[in-house]
Amino acid sequence: MEMNFEEELLIKAAWYYYIEEMTQQNIAEKLGISRMKVIKLLETAKSTGVIQFKISQEKSRRLRIEKKLVETWGLKDAFVIPTPDDSAVFNESLAKAAAMYIADRMTENTFINMGYGDTPSRVLNHLATITDHPVSIVSLTGGVSYYLPNTVSSVFKAKLYLYPAPLMLSSKELCKAISEEPGIKEIKRMVKLASISIIGIGAMNDDATIISNGILTKNDFTYLSLRGAVGDIMTHFIDKDGNPVRTDIDERLISTSLDTLKELNNVIGIAGGKHKTDVISAALKGRYLDILITDEETANSLIGG
């Protein structure tokens, strides 16, 4: 009888705590036992299997992939989403996931660096509509229009601190002169103070944002590919090992340098898809990222799965 009573207490304590979400003190009062007794009952429930914690197979698989990504590439964290069936919503799915990930880590005084690209732009719009307080965004590159809200953002709570200059200039002399302007220098100082940095990672494909926006041409991409480029980070092109591919393009850019990027805290790279596997791998080899948000198929490619 004593054993049956003890088992009954154990099951009741576990039910009240895990199912009805009662406090340990309330359970103790309800069962007429001490709080210490409740703690021991709950520990026994876990150790004997009365209470079993299960994670769905799908979520468990992605958690293992995230852990392997972190271990393989020396990251602080990784967030992996299911690979979308529809390629048309690929960037949108990544952007929504990234916005949720970042929103959970923001405070009212958080300043976020934002890089150039289609996916970061989508992240900005989602962040600015889901957060309860204004988002303070500092641009990592020139090109004011790339950081403005899109036409479907009916509620846009963001304070924008932008480089007052184009992303790409016509000559290195003009770029150097504009870089000395007080407004440019002020944004450069702000970049180094932000607690989170969000960057996209571009591949060498014909529909790349940098081509569709008219910043570079397909001929430029051909030239860069011949020089060994596999893609870009903020329009800084890198080879398969993550080393910068030096061309005159860099001398005409208003963009945070890759060396500065390495010095920033919590750099989050957001990219996915088979066509980006090589450049994501290069960005990881170059140690430009602290956190990677990607899809499951791409993640498996990056860990040899």
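Overview of results
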item: Selection within the stretch 107-132 - hydroxyl-bearing (Ser, Thr, Tyr) and closer than 19 Å to LYS192 by Cα; result: THR107, THR110, TYR116
item: Every residue from the stretch 74-92 that is surrounded by fewer than 18 Cβ atoms within 10 Å (Cβ to Cβ) and among the hydroxyl-bearing types (Ser, Thr, Tyr); result: SER87
item: Among (1) touching a Gly at 6+ places or on another chain (Cβ under 7 Å); (2) farther than 23 Å from ALA78 by Cα; (3) not small (Gly, Ala, Ser) - the single one GLU108 does not satisfy; result: (1)
item: Helices (runs of 4 or more DSSP H) enclosed by the stretch 127-212 - at least 2 residues per element that are within 20 Å of ILE293 (Cβ to Cβ); result: none
item: Answer residue from the stretch 100-118, given it is out of contact with any helix residue (DSSP H, G or I) (no Cβ under 8 Å at 6 or more places or on another chain) and of a type in the set (S, T, N, Q) and is nearest to ILE215 (Cα to Cα) among those; result: THR110
item: Residue pairs meeting the criteria (Cβ under 9 Å; at least 6 apart or on separate chains; first at pLDDT below 85 and assigned to a helix (DSSP H, G or I), in the stretch 1-28; second among the charged types (D, E, K, R) and surrounded by 15 or more Cβ atoms within 10 Å (Cβ to Cβ)); result: LEU9/LYS37
item: Of the criteria (1) over 29 Å from PRO84 (Cβ atoms); (2) part of a loop (DSSP other than H, G, I, E, B); (3) among the charged types (D, E, K, R), which one ASP220 fails; result: (2)
item: Close pairs from the stretch 108-136: first closer than 15 Å to MET234 by Cβ, partner among the small types (Gly, Ala, Ser) and modelled with pLDDT under 85, Cβ under 8 Å, at least 6 apart; result: LEU124/ALA158
item: Per-region count, the stretch 74-115, residues in a loop (DSSP other than H, G, I, E, B), modelled with pLDDT of 90 or more and touching a Ser or Thr at 6+ places or on another chain (Cβ under 6 Å); result: 0
item: Any chance GLY228 is in a loop (DSSP other than H, G, I, E, B) and either farther than 25 Å from LYS192 by Cβ or not assigned by TED's automatic domain parsing to the domain that holds ILE198 (or both); result: yes
item: Qualifying residue in the stretch 64-73 (condition: assigned to a helix (DSSP H, G or I), of a type in the set (A, V, I, L, M) and either outside the structural domain of ALA158 (by TED's automatic domain parsing) or surrounded by fewer than 17 Cβ atoms within 10 Å (Cβ to Cβ) (or both)); result: yes
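The values are calculated or read from the model by the stated rules, or taken from the named source; none is laboratory data. Because the structure is a prediction, the values reported are computed rather than measured. Positions of Cβ are generated from backbone atoms using ideal geometry, with glycine treated the same way; all protein chains shown enter the neighbour counts.
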